[in-house]
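Just so it is clear, none of the values below were taken in a lab; they were calculated from the coordinates. On a predicted model such as this, the values are computed, not experimentally measured, just so you know. Note that we place each Cβ from the backbone using ideal geometry, even for glycine, and neighbour counts take in every protein chain shown.
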Amino acid sequence: MTIRDRLEQMVAEPQMVFGEPIDTADGTTIITVSRGGGLLRHPCPIGLFVIHSGRAHWTPAMDANRIAQLGEWIGLLTAVIAALAILRRPPWPDLSRRTH
């Protein structure tokens, strides 16, 4: 899928909100793109188009909070699985007395 196809797809979707083009000193144009929210939701940035020398480049936005939260959930899940494994079968040897 080319940048042109991607841009046409985004324009066709009613939820996409494009910011005003920003021109920089070196001739680059930057256009921000957000996903529009409903009545109670705020717009969420999804990336930006950088246009320089007649070529467009898509740069996706990164949500650091979502990445941090994913790491926390993975850590919690790992701790729960490890605790369940230890409670089911402790890693130490059997301490019962055996007679031969």
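For the structure I just gave you, tell me whether THR78 is over 22 Å from ARG4 (Cβ atoms), surrounded by 10 or more Cβ atoms within 10 Å (Cβ to Cβ) and over 14 Å from the mean Cα position of the chain (by Cα). Spelling it out, THR78 is indeed over 22 Å from ARG4 (Cβ atoms), surrounded by 10 or more Cβ atoms within 10 Å (Cβ to Cβ) and over 14 Å from the mean Cα position of the chain (by Cα). Of all residues in segment 22-60 being surrounded by fewer than 13 Cβ atoms within 10 Å (Cβ to Cβ) and of a type in the set (A, V, I, L, M), which is nearest to THR2 (Cα to Cα)? Among those that are surrounded by fewer than 13 Cβ atoms within 10 Å (Cβ to Cβ) and of a type in the set (A, V, I, L, M), it is ILE22.
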